[in-house]
Amino acid sequence: MKRMMITAATGALMALSTTAMAADLKMSHVRPQGTTIDVELNAFAAAVGEATGGDVNVKIYAASALGDYTTVQERISVGAVDMATQPAAAAADRKMQISSFPYLAGNWDQAREIYGPGGVVRETMDGLYAKQDITMLAAYPVYFGGIALNTDAVSPGDPSVDNGIKVRVPGIKSFQLTGDALGYIPAPIPFSEAFTAVQTGVVDGVIGSGAEGYYASFRDVTKTYIPANTHFEVWYMIISNESLASLDAEDQDALKTAAAEFETTRWTVAEADQKANEQKLADLGATIVSLSDAELAAMSAKVQAEVWPVVLEDVGVEWGQAILDKVSE
């Protein structure tokens, strides 16, 4: 009887020990529940749970529930938040503007070479995150950026025309300068105030996102969508070094493997996903402006000539130019 009690007690202690070893990781992202990224991250979380035998539980917090992406990146850096899949916060390091450099990639094949595994921007971002005590687990390609308007377009393919249309842009120099170079009047407005600004006529549209973002957050105020390929939007799955180190080696490997598979899958569907979101906007009555290759080339050339030198000054000319040279090789 005494032996049975000891055995039972030992089993209970082992169960408690196993429970204590389980890690709960909070993952933030910027879109509402039920959107593509939310669905894909929940699938990722399930894959991690299965691969680790329940040792690692990734809980998804949608719609910036843990704070806006700049705040979340800062909190990940100090270990206050575990993980996120979101845009890079240039406020933490101006060099991170390299990720959203305008007209750096012209098509999906080029984007994968630049931002995919082994790509120069991806490797650069990995190093920049490392300086903030953050590990980058994966890149998440989202879309090529465009312009959403609550009015008709004016000479949308001719960047030499000052069209008089005022648009909200993020508080990032590259977007502000790009809007101006393409003939718009840029107005830096926080994302949280952007929809109301368009709805009330403070601005006539938005630059800084793409069809997916406009459908998710601006579909009720988008009458015209211009797929101008302003920039390539890529988000990053990141984790606090502290949170990663809290996992044993086997669980770390499982997490990294699941992240790599998450990224690989995304690259196979991202382009089709962009087209699907453009169609969703069209189905709601938005006019999708078709731009010719010549028009896109003219827009790209003007932005590269006028915007790139200024942004390079902001990130460091020598540092930034070395990356651009690698991209062009």
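For this structure, a couple of remarks:
- Search result, residues across region 275-321 that are within 20 Å of Asp162 (Cβ to Cβ) and β-branched (Val, Ile, Thr): Val289, Val303, Val307, Val310
- Of all residues in region 272-309, those satisfying the criterion of being under 23 Å from the mean Cα position of the chain (by Cα) and more than 25 Å from Tyr215 (Cβ to Cβ) are Gln304, Val307, Trp308.
- Count of residues meeting criterion [part of a helix (DSSP H, G or I) and over 14 Å from Tyr103 (Cβ atoms)] in region 287-309: 1
- Residue pairs whose Cβ atoms lie under 7 Å apart, separated by 6 or more positions or on different chains, with the first residue in region 196-208 and more than 20 Å from His231 (Cα to Cα) and the second aromatic (Phe, Trp, Tyr) and not in a helix (DSSP H, G or I), are Val198/Phe218.
Results for (1) buried (at least 18 other Cβ atoms within 10 Å of the Cβ); (2) at pLDDT 95 or above; (3) among the aliphatic types (A, V, I, L, M), shown as yes or no for each residue.
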site: Lys131; (1), (2), (3): no, yes, no
site: Ile134; (1), (2), (3): yes, yes, yes
site: Ala138; (1), (2), (3): yes, yes, yes
site: Pro159; (1), (2), (3): yes, yes, no
site: Val169; (1), (2), (3): yes, yes, yes
site: Phe175; (1), (2), (3): yes, no, no
site: Thr178; (1), (2), (3): yes, yes, no
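- Scanning region 293-323 for residues that are within 17 Å of Ala90 (Cβ to Cβ) and in contact (Cβ under 8 Å) with a residue 60 or more places away in the chain yields Val307, Trp308, Val310, Val311, Asp314, Val315, Gly316, Trp319, Gly320, Ile323.
The values are calculated or read from the model by the stated rules, or taken from the named source; none is laboratory data. As the structure is a computational prediction, the values presented were derived from the model and not from experiment. Reconstructed Cβ throughout: ideal geometry from the backbone, glycine too, with neighbour counts over all protein chains shown.
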